[in-house]
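Engineer: The structure follows.
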Amino acid sequence: MLDLSSTPERMVVTQGRSLAAGAANLDPLTQVLLGLRLDGVEYGRCLLRTPWAVAFRETPHARFHFVARGGCWLRTRGTDWMRLDPGSAVLLPRGSFHVIASAPDVPAIDIDTLARRAVADGIYVVEGQGLDAADGAADVMFCGEMRFNLDPLHPLVAMMPDAMRADDLARRDPTVPALLEAMEREVSLDRIGACGILARLADVLAASIIRAWVECGCSDSTGWIAAVRCPKLGKVVAAIHADPARNWTVPLLADLMGASRSSFAQAFTRTMGESPAKYVAKMKMFQARRWISHDGMRVAVAADRLGYDSEASFSRAFKRVIGHPPSASRAPAMAAR
């Protein structure tokens with residue numbers, strides 16, 4: 001979760017941190033957001049000559065775009081064309097397929113077919129046909145691919161729109177315009193190390209976009225956001241998210257809320273749309289999938305850590321929630337070992 005008090009260099013993860021350790025005075029929503037982290041996978045400075053249109057394939061990671069020079073248009077499968085002016089930024093939290101173009105009627109080509117030149121670890125320059133990095137007439141975008149520490153099926157991620165525009169949220173969060181201005185300065189000055197600085201700014205800006213989206217009333221009065229906004233029920237949800245591997249029982253969660261078991265179960269189910277046991281099981285499997293896919297943990301170890309008597313029973317529970325067996329979540333490099 002986001003350490004919003006950290007330096008702009010990196011969002012600090014504090015997974016599994018006890019709520020009693022330094023977070024007792026925070027509201028539940030802040031406690032949950034403090035656990036959100038985005039890790040940069042790769043970033044690219046894209047130089048494109050008008051007319052141009054590039055398609056970005058669907059990815060399990062979030063996508064981020066900052067328009068540095070030359071306006072453009074963006075469309076996802078679920079949205080109409082939207083105009084992005086210079087200085088605009090947009091986050092696609094689920095990495096859905098999308099097209100960015102100098103004009104809506106330009107035929108798109110796959111971004112991966114363009115020439116790519118590495119300038120640092122995880123940072124590259126994409127150059128359109130007939131262009132090079134010194135071409136001052138090119139339209140310029142700074143694009144990033146980011147990994148959430150939350151599962152793509154997590155309710156917070158699932159609730160987000162396909163595309164989240166920074167300029168739509170700037171009125172709610174004074175941090176957003178300042179970050180946009182900082183990115184514009186780095187692009188215009190083109191100093192040594194600018195791509196690295198832009199990558200760190202992109203991390204912080206993406207996190208700020210999510211925070212502003214949550215704060216400005218991103219959903220109706222029911223569901224996950226409503227639960228974490230409720231002081232009593234939010235304390236329960238924040239506790240589950242802080243330590244999903246814990247053996248959370250209804251009596252334990254009811255005590256945390258300060259309610260009877262029956263009234264707690266009714267309030268939780270009414271607000272969240274599912275029982276406490278089902279929600280806890282889902283959070284456990286989200287954590288397990290991250291352990292297996294991101295950390296390379298063996299399935300048997302994940303099963304034991306989550307308190308399952310056997311790997312077989314864990315695998316059945318995992319498939320019921322995630323939709324496939326745990327072995328299918330292993331990254332190709334890990335599976336080949």
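Engineer: If you take the square roots of the eigenvalues of the alpha-carbon gyration tensor of segment 221-274 and sort them as a ≥ b ≥ c, do you get rounded (a/c under 1.5), prolate (a/b over b/c) or oblate?
Structural biologist: Oblate.
Engineer: What is the sum of charges around Ser96, taking Lys and Arg as +1, Asp and Glu as -1, for the other residues whose C-beta is under 12 Å from the C-beta of Ser96?
Structural biologist: +3
Engineer: Let me ask something else. At Ser260 and Asp295, where each label point lies 7 Å from the Cα along Cα→Cβ, what is the point-to-point distance in nanometres?
Structural biologist: 3.9
Engineer: Excluding ligands, DNA and RNA, what is the solvent-accessible area per residue of segment 152-262 at a probe of 1.4 Å, expressed in Å²?
Structural biologist: 45
Engineer: Still on this structure: Say each of Ala312 and Thr59 gets a label point 7 Å from the Cα, pointing the same way as Cα to Cβ; how far apart are those two points in nm?
Structural biologist: So the label points at Ala312 and Thr59 sit 4.1 nm apart.
Engineer: By the scheme Lys and Arg +1, Asp and Glu -1, what is the net charge of all other residues having a beta-carbon under 13 Å from that of Val54?
Structural biologist: With Lys, Arg at +1 and Asp, Glu at -1, the net is +1.
Engineer: For segment 169-182, take each phi angle, set θ = phi - 60°, evaluate the Karplus expression 6.51 cos²θ - 1.76 cosθ + 1.60, and give the result in whole Hz per residue in order, putting x for glycine and proline.
Structural biologist: 9, 4, 5, 8, 9, x, 5, 4, x, 5, 5, 4, 5, 5
Engineer: For segment 255-337, what does the alpha-carbon gyration tensor say about shape, rounded, prolate or oblate, given a ≥ b ≥ c as the root eigenvalues, a/c under 1.5 as rounded, and a/b over b/c as prolate?
Structural biologist: prolate
The values are calculated or read from the model by the stated rules, or taken from the named source; none is laboratory data. All of these numbers come straight from a predicted model, not from anything done at the bench. Using ideal geometry, Cβ is built from the backbone for each residue, glycine included, and neighbour counts are taken over all protein chains shown. The area values use the complete protein model at the heavy-atom level, side chains included, leaving out ligands, DNA and RNA. Shrake-Rupley method; radii C 1.70, N 1.55, O 1.52, S 1.80 Å.
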